[in-house]
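Each remark here refers to the structure printed beneath this line.
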Amino acid sequence: MTQAIEQAFALAKQRFADIGIDVEAALAQLDRLPVSMHCWQGDDVRGFENPQGALTGGIQATGNYPGRARSAEELRADLEQAMALIPGPKRLNLHAIYLESEQAVDRHEIKPEHFASWVAWAKQQKIGLDFNPTCFSHELSADGFTLAHANAEIRQFWIDHCKASRKISAWFGEQLDTPSVMNIWVPDGMKDLTVDRLAPRQRLMNSLDEIISEKLNPAHHIDAVESKLFGIGAESYTVGSNEFCLGYAASRQTALTLDAGHFHPTEVISDKISTAMLYVPRLLLHVSRPVRWDSDHVVLLDDETQAIASEIVRQKLFDKVHIGLDFFDASINRIAAWVIGTRNAKKALLRALLEPVEQLKKLEIEGDYTARLALLEEQKSLPWQAVWEAWCLRHDVPAGASWLGDVRHYEQQILSQR
């Protein structure tokens, strides 16, 4: 098996060299592109603050596949199993509800010490951590408003929660020597007709201004704001719309988060990347798969995933775009979901790195659209899979679907006992 992969890789390198692609240079770049895995796939977004509490804020994890992680220790063990089957650099994206504390800690009182075990684990795994304040599934978000709430005391609670989250995020970056990207998403909105659409947006803008008022070291912490078209319970009006968040990120020079499932079904975020980069310093991408809108299905190696990766590579946005995943499927093995989705994201990046971008751009500027289309289509059948399998071997992970055997073994030995 190994010999066959190496032989196929040697042939593939020559095929790509024929169109001017240095495969080794492409793999070196791929080794510098971490994908931030999302912790909430492993436990259906329950967290450890109140794991029996109901999800709110338009978030749903559907399915009842056995083996859900019930503690931070179980979740970290599951992540380790998944990461062992995924090649290349990785990060982990945490939500605030994944804190660890023997006593109950409300959201506005969270501190770095409540995430000490996560940092120790990240050091052991040699990965970076990203962070999110959790502005949903709480008694003070029950009416659908948080940072845009009309009640000043409730609004201040969520402001203080986000401020506390920024300090935790900056501590992650300091401890792990890599900046933590902290994404702020709020579920604020209304189910039915809304009369005053301006006042909530003014309140949200003012809340965000107060949250980011303290300047933090960008080497440790990066602020990002995430928009949404609508949510369950907020079908008619979402305060943090795309226009709001793009305007806010551009005017305050924060990062902007683009989630693949947060737009109209006919929209794609791959086409928004180049526009947003004209106005904001950084982007955070939540790569997901919407089915009938924001359903957060496992990422496939489909056209949009490829288009997202290609846009990053074609515009050389390696240092300006942070790649994160966002899906939670409780209908299949949760570890397999991580492996499938993350491997697909990395496959898309590899395929993009193996594209003769400069040649294609030259043809485009010369107006030779015939050759451009011909090369783009021929590129699809070149032996990128041979390069992928060789890269997997270099990282000591299964090259093909044999990783599923490792997941099944873990399921029999560990998950079935939960």
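Each reported figure results from applying straightforward, stated rules to the coordinates on display, with no laboratory input. What you see is a predicted model; the values in this text were computed from it and never measured. Please note: Cβ atoms are built from the backbone with ideal geometry, for glycine as well, and neighbour counts cover all protein chains shown.
Descriptive notes on the structure:
- Between GLN125 and LEU404, residue separation times 0.36 nm minus the direct Cα-Cα distance comes to 98.2 nm.
- Pairs from LYS272/LYS320; LYS90/LYS272; LYS126/LYS316; LYS163/LYS191 whose Cα-Cα separation, in the structure shown, is over 23 Å: LYS90/LYS272; LYS126/LYS316; LYS163/LYS191
- Highest-first arrangement of 366-379, 148-161, where packing means the average Cβ count within 10 Å: 148-161, 366-379
- Note on ILE19, ILE269: ascending count of other Cβ atoms within 10 Å places them as ILE19, ILE269, the fewest first.
- Remark on VAL321: its backbone amide H falls under 5 Å from those of LEU283, a criterion applied only to residues 5 or more positions apart or on other chains, H modelled at 1.01 Å from N.
- Long-range amide H partners of GLY231 with built H, under 5 Å: none
- Under 12 Å, Cβ to Cβ, from GLY324 - net charge with Lys/Arg +1 and Asp/Glu -1: -2
- Each residue of the stretch 218-223 is assigned a 3J(HN,Hα), and the resulting list reads x, 6, 10, 9, 10, 7 Hz, derived from the Karplus form 6.51 cos²θ - 1.76 cosθ + 1.60 (θ = phi - 60°), x at Gly and Pro.
- C-alpha center-to-center spacing [the stretch 49-121, the stretch 123-191] in angstrom: 14
- Only Lys, Arg (+1) and Asp, Glu (-1) charged, at Cβ; the chain dipole about Cα centre in debye: 400
- Based on DSSP H segments of at least four residues, each scored -39500 (n - 2.57), the chain has a per-residue ellipticity at 222 nm of -13000 deg cm²/dmol.
- The trypsin sites (Lys or Arg not before Pro) of the stretch 64-149 that DSSP puts in a loop, and whose beta carbon has at most 14 other beta carbons within 10 Å, are ARG70, LYS126.
- Couplings 3J(HN,Hα) of the stretch 364-374, computed from phi: 5, 5, 7, x, 8, 6, 5, 5, 4, 5, 4 Hz, in residue order, whole Hz [Karplus 6.51 cos²θ - 1.76 cosθ + 1.60, θ = phi - 60°; x for Gly and Pro].
- For ASN50, the amide hydrogen comes within under 5 Å of no other amide hydrogen, counting only partners 5 or more places away or on other chains and with H modelled in the peptide plane.
- Most to least packed among 165-177, 244-256 [average Cβ atoms within 10 Å]: 165-177, 244-256
- Taken one residue at a time, the phi angles of the stretch 86-96 give Karplus couplings (6.51, -1.76, 1.60, θ = phi - 60°) of 10, x, x, x, 9, 10, 10, 9, 10, 9, 4 Hz. Gly and Pro are set to x.
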